[in-house]
Each structure stands twice: as structure tokens, then as C-alpha cells.
Amino acid sequence: MSRRLLVEADGGSRGNPGPAGFGAVVRDAVSGKVLTEVAEGIETATNNVAEYRGLIAGLAAAAETDPRAEVEVRLDSRLVVEQMAGRWKIKHPDMRSLARQAHELAGTFSGVTYTWVPRVRNAHADRLANEAMDAAAEGRPVRLDPKGGSDPEPPDDNPTPRPAPTGWSAPDTEPTRLILLRHGQTPLSVEQRFAGVGDTELTEAGHEQARAAARRLAGRGVDAVVSSPLRRARDTAGHVARELSLDVHADEGFQEVDFGEWEGMTFAEVQRSRPEELDRWLADPAVAPPGGESFETAVRRVVEARDKMLARHRGQTVLVVSHVTPIKILVQQAMLAPLRALYRMHLDVGCLSEIDCFDDGPMVVRSLNDTAYLA
């Protein structure tokens with residue numbers, strides 16, 4: 001029987017692109033003992049490049065340990081997992097090149113599987129990636145544990161038992177709470193027009209909705225404010241952040257879908273002038289408006305942004321100021337609903353929704369489309 005190894009890998013970028021680094025851990029799959037640690041800084045790279053570099057380094061380290069082993073790779077990047085498993089296409093040429101390197105290394109083993117895990121279950125590799133970035137910034141060598149890292153993780157064959165959640169109660173861990181605020185009214189939302197990545201500003205009514213949200217959230221104990229970089233979201237977030245005496249962190253992962261050539265058109269106008277395009281879009285979440293972005297692609301970036309945010313703000317309450325589609329995706333993912341459920345949700349401008357995210361995986365939707373405070 002082939003030896004079984006676990007590879008845990010991660011990468012990150014401070015700037016995306018910016019100074020980056022990666023880390024990887026090779027464990028014995030039976031005992032959980034750490035066999036090898038690797039970490040390295042990268043001068044400038046994106047998060048995705050750093051994550052692929054971590055995967056490649058982990059596979060190379062596993063090959064040095066036992067090139068004939070059966071390997072399970074665990075990553076907190078759903079994008080890399082789905083691309084390496086062959087379920088998602090790889091469009092960017094840099095990613096294709098890195099994926100080829102990873103596949104070549106994987107081909108030497110008896111078998112390789114890829115598993116997505118939450119960031120909190122990839123803490124060792126995440127710590128190594130951050131150590132690599134810190135070392136590069138400070139101009140010093142990466143510090144690895146000469147004894148092979150931290151205490152071994154319990155093997156999967158003998159997991160620590162946990163009480164299962166019921167339909168009436170949440171899992172017994174302290175959640176990270178996401179308060180989701182759709183931006184206030186804009187001229188395009190008044191006329192119900194497609195508003196994607198265009199930098200539309202708020203109307204005066206939109207500013208008042210944002211101020212009302214700030215008053216509503218003043219006593220909620222919000223720890224951080226994260227916003228889409230688009231103006232209508234940033235301005236909405238600004239009203240709340242001033243009330244809460246917090247800074248606003250912009251994250252492109254939470255910006256609206258790009259509606260391409262449909263930007264500024266109403267649904268009726270698209271239906272009248274481009275009926276075949278609209279029918280394809282409604283029938284398949286993988287189809288994008290001409291020149292735009294599909295819901296399927298948007299899910300990847302929103303989920304990745306969510307996971308990184310949960311790792312940064314574990315156990316905290318985070319306000320996310322965003323748009324219709326990213327908020328719907330966060331709800332859809334939390335409910336384990338099919339992607340077509342995005343077509344079955346309605347979110348008003350200025351509405352609030354809430355999701356509790358637990359460390360062991362489950363998410364609980366606490367509220368959806370709350371506009372009572374705007375009355």
C-alpha cells in the first residue's frame with residue numbers, strides 16, 4: 001500500500017498584486033506529523049499566483065518525501081481547488097502555466113486529490129505564507145521550525161467528535177457575523193436599470209438611506225467595515241463608518257457584476273432588443289452578458305473574498321457594504337442553494353441582511369432584505 005501524505009498550502013499578496021509569499025506543509029496522513037515546511041517570499045504577485053506557487057512548493061516537497069505516495073492537497077482557495085480538479089476553466093495565461101507545473105508534479109504520485117478547507121483549518125500554511133511576506137519586508141531569512149512545525153493535527157481517520165447542529169440551533173462555536181448592507185439609492189436603481197461596475201453616485205435619498213443604516217448599526221458592536229470599491233458602496237459605507245468611528249477597507253471581491261453591454265439598460269429594453277442574449281443569461285449562470293461577467297465567475301471571486309475576510313476577522317462582526325449580486329451570492333452560498341437561486345431573491349436598496357459563519361463550516365442566514373429601519 002502506498003504511503004499517504006497531506007499537503008496543506010497557501011499564498012497571499014499584500015496589495016493584489018503586491019509583495020507576496022507562500023507556505024506549504026507536508027504531513028503524514030495517518031499520524032498527522034509535520035514532515036516538511038516550506039515558505040518563500042515573492043517580489044510582486046497576485047493572491048492567485050501566490051496560492052499556486054504554494055501548491056507547487058507543497059507538491060515538490062511531498063515528492064522529495066515520497067514520490068510514490070498517495071497525496072491529498074488541502075487549500076483554502078476554492079479557485080485553485082476547482083481548477084486543479086478540472087471543474088473550472090483556467091483562462092488567465094499565468095494561471096495556466098502554473099497549473100501545468102502543478103499537474104506535472106502531481107503526475108509522479110500514485111494519486112492526488114484536492115480538497116477545499118476553510119481558512120481556519122489551513123492555519124499552519126497561512127502562518128508560513130505570512131512569515132514569508134514578513135521576512136521579505138524585513139529583509140531577513142524566513143524562519144521555519146527546525147523540528148518541523150507545530151503539534152501534529154489529529155488524523156482524519158480519528159476526528160475529534162463535535163455535536164451536530166440541529167434545525168433549531170447553530171453549531172456550538174462563536175461565529176463571525178456578517179452584516180450585509182446594499183448601497184443606497186442611485187439614479188439607475190430608481191429607473192431599475194442594470195448597474196454593474198459603472199461608478200454611479202448616490203441620490204440624496206440614497207445618502208439618507210445610508211445615514212439611516214448608520215443610526216441602525218450604531219449600537220451593534222461592529223468591528224470592521226468592508227466595502228466594494230465602487231462609489232455608491234463606498235459613499236454608503238462612509239456614512240456608517242463615520243458613525244462607528246471605523247475605517248473603510250475596500251475589497252474588489254465584493255464589487256458588482258460587470259453587465260457589459262447591458263449597463264444602463266432596463267430589463268425590458270434588453271428583452272426587447274436582445275432577447276436571445278437575455279434568454280441564455282437567464283437559463284445558464286455560466287453565461288455572461290456581452291462584454292461582461294457571468295454569475296458563475298462572480299461566485300468565485302466573492303467566495304474567495306469572503307473566505308479571506310473571515311480569516312482576518314474571525315469571531316468578529318463585520319459590515320460588508322456591497323451590491324445586489326455579491327450579497328445574493330453570500331446568501332446562496334450560506335444556504336447551500338443552487339446558483340439559480342440568485343434569480344429567486346429580491347434585495348431593496350439600503351436593505352440589511354445577516355449571516356453567521358461558524359469555524360467548522362456551517363453558515364446560518366439570520367435575516368434577509370430588512371428595510372424596516374428605512375420606514
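For Pro118, the conditions (1) of a type outside the set (Asp, Glu); (2) crowded, with 21+ Cβ neighbours inside 10 Å; (3) in contact (Cβ under 8 Å) with a residue 40 or more places away in the chain are fulfilled apart from (2).
All conditions in (1) modelled with pLDDT under 50; (2) within 23 Å of Leu330 (Cβ to Cβ) hold for His183, with the sole exception of (1).
Considering the range 323-353 alone, what residues qualify as being part of a loop (DSSP other than H, G, I, E, B), touching a residue at least 40 places away in the same chain (Cβ under 8 Å) and small (Gly, Ala, Ser)? Write out each step before concluding.
Initially, the range 323-353 is screened for residues part of a loop (DSSP other than H, G, I, E, B), giving 323, 335-338, 345-351.
Restricting the remaining residues to those that are touching a residue at least 40 places away in the same chain (Cβ under 8 Å) gives 323, 347-351.
Residue satisfying the conditions is Gly350 alone.
For the range 216-230, the criterion of being surrounded by fewer than 18 Cβ atoms within 10 Å (Cβ to Cβ) and part of a helix (DSSP H, G or I) is met by no residue. Condition test on Thr200, is it at pLDDT 90 or above, in a loop (DSSP other than H, G, I, E, B) and not aromatic (Phe, Trp, Tyr)? Yes.
When the residues of the range 7-28 are filtered to those that are surrounded by fewer than 24 Cβ atoms within 10 Å (Cβ to Cβ) and either touching a Lys or Arg at 6+ places or on another chain (Cβ under 9 Å) or not small (Gly, Ala, Ser) (or both), the one that is nearest to Trp116 (Cα to Cα) is Asp28. Taking the criterion of being under 26 Å from Leu310 (Cα atoms) and buried (at least 22 other Cβ atoms within 10 Å of the Cβ), the residues of the range 58-73 that qualify are Gly58, Val73.
To keep it simple, each residue is scored yes or no on (1) out of contact with any helix residue (DSSP H, G or I) (no Cβ under 7 Å at 6 or more places or on another chain); (2) among the basic types (Lys, Arg); (3) assigned by TED's automatic domain parsing to the domain that holds Glu104; (4) in contact (Cβ under 8 Å) with a residue 60 or more places away in the chain.
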{"residue": "Gly18", "(1), (2), (3), (4)": "yes, no, yes, no"}
{"residue": "Gly21", "(1), (2), (3), (4)": "no, no, yes, yes"}
{"residue": "Val25", "(1), (2), (3), (4)": "no, no, yes, yes"}
{"residue": "Gly32", "(1), (2), (3), (4)": "yes, no, yes, yes"}
{"residue": "Asn48", "(1), (2), (3), (4)": "no, no, yes, no"}
{"residue": "Glu51", "(1), (2), (3), (4)": "no, no, yes, no"}
{"residue": "Leu55", "(1), (2), (3), (4)": "no, no, yes, no"}
{"residue": "Ala61", "(1), (2), (3), (4)": "yes, no, yes, no"}
{"residue": "Arg78", "(1), (2), (3), (4)": "no, yes, yes, yes"}
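The values are calculated or read from the model by the stated rules, or taken from the named source; none is laboratory data. Quick caveat: nothing in here was measured; it's all calculated off a predicted structure. Every residue, glycine among them, receives a Cβ derived from its backbone with ideal geometry; neighbour counts consider all protein chains shown.
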